[in-house]
Each structure stands twice: as C-alpha cells, then as structure tokens.
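Below is one structure, written out as structure tokens; the observations come after it.
What follows is calculated from the coordinates using simple rules that are stated; it is not laboratory data. Quick caveat: nothing in here was measured; it's all calculated off a predicted structure. Cβ: placed from backbone, ideal geometry, glycine included. Neighbour counts: every protein chain shown.
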Amino acid sequence: MISIVQRDDPVLREHAADVPPAHIPTPQIQKIIRDMKTALHEQDDGVAIAAPQIGVPLRIFVVSGRAFDLEEDEDELPAPGETKHHDLVFINPVITRLSKKRRWLPEGCLSVRWLYGKVLRSEKATVRAYDETGKSFTRGASGLLAQIFQHETDHLDGVLFTDKARDVEHLEPERIKKARG
Ligand code: ZN
C-alpha cells in the first residue's frame, strides 16, 4: 500500500518542479508514475492523483480511467478493476484555456480526509502536457474532467481545495460515495 500524504505535510504546499522531458523515460520517473497509479487504484473513491500526494514534488498528475467512465455515466463510480478506460498521465501540465463560465462544484481530496466542500471551477479546461512516453499532447475537457484538471494543477502549485472552498463539511468515510482527486 502506498500512503497518500495528508494536509499538514509541507510537500503539499511546495511549488512542484518540472520534469525535464528527457528524464520521462528513466526508471526513476517511470517508477513514480507506477506508484501514483497504484496509490490511486488503492483508493475506493480516487479519480486522480498528483505526485506531491505521494510525497514527490514533481509536476505530474494521473487521471484514473474511472473518471472517463464517470463522464459517461455521472452516478456510477466503477470499481478500480472494472474500468474500460486507461489511466491518463499528465507531465508538466499547463492549463492553456479556461472557460469564463464557472460553477460551484462539490469537491473532495484524497489528501484532505474527510472534508468536502464546493469550489468555483471553470466548466471547460484545456491542458497541454507530456504523456508517460514523453510525447506532447493537448486535451480539452468539460464537466468532471475539467474540474479534475483544475484540482490537480492546483496541487502542483501547492494549493488545496480547502483554500478556496465554501460550505466545507466533515463527512464520515462510510457516507462518502463521491469521487476525489
Ligand atoms: Zn486532491
């Protein structure tokens, strides 16, 4: 089990460093990506994770294939082994576009157990990043995925959702059926 660092850990407040693109294929970076996927899949409610959440201050986040299932069916979070989509890796992600239209959306975090609140997020977001093979790509999204892009890039800048959330409440683990990143 790979432990996920919690809110008081200073690594969550660091401005994470870029990964030199030439380092992406190295065993060190590939192991970090593998560990992030493992940590994510060990969490029943996880849909995404940023490297600082496993104690690594580098600009990498991974979106679980489950998040793409959720996009297709808003209510059902499939078991980690049951998704038909692949995890998507974002290295040195840069948000290149955010829609002006924003909404207060419910949000939680694997590093802020067990708080839950509403955060003002753009409805659409576009991210440019490198994948785990070092190839550059651009991905646009709306809804949950756009929210994930914003939540995860915040992590890489040392920002937690509770810094900007309203109506924050504490929910017991067994009452939580919502996705977290
Ligand atoms: Zn988070």
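Brief remarks on what is shown
- Look at the alpha carbon pairs under 8 Å that are at least 6 residues apart: their mean separation over the length of segment 40-181 gives a relative contact order of 26 percent.
- Entry for the chain at q = 0.14, 0.19 Å⁻¹: log10 I(q)/I(0) = -0.70, -1.41, Debye formula applied to identical alpha-carbon scatterers, no solvent contribution.
- Shape of segment 89-166, Cα gyration tensor, a/c cut at 1.5: oblate
- 26 Å Cα-Cα threshold exceeded, pairs from LYS101/LYS164; LYS31/LYS100; LYS37/LYS135; LYS84/LYS164; LYS100/LYS164: LYS31/LYS100; LYS84/LYS164
- A dipole drawn for the chain from +1 and -1 charges on Cβ atoms has a positive end, and of HIS41, LEU12, HIS170 the residue lying farthest that way is LEU12.
- An oblate overall shape is assigned to segment 1-51, the ratio a/c of its alpha-carbon gyration tensor axes (a ≥ b ≥ c) being 1.5 or greater and a/b not exceeding b/c.
- Using a Förster distance of 22 Å, the FRET efficiency for ARG128-LYS31 (Cβ separation, nearest 0.05): 0.35
- Where labels lie 7 Å past Cα in the beta-carbon direction, separation of MET1 and TRP114 in nm: 1.5
- The dipole here belongs to the chain: it is taken about the Cα centre, uses +1 on the Cβ of Lys and Arg and -1 on the Cβ of Asp and Glu, and is about 740 debye.
- Using a simple spin-label model with pseudo-atoms 7 Å out from Cα toward Cβ, HIS86 and HIS170 lie 4.3 nm apart.
- Net dipole in debye of segment 75-181 [+1 Lys, Arg Cβ; -1 Asp, Glu Cβ; about Cα centre; nearest 20]: 580
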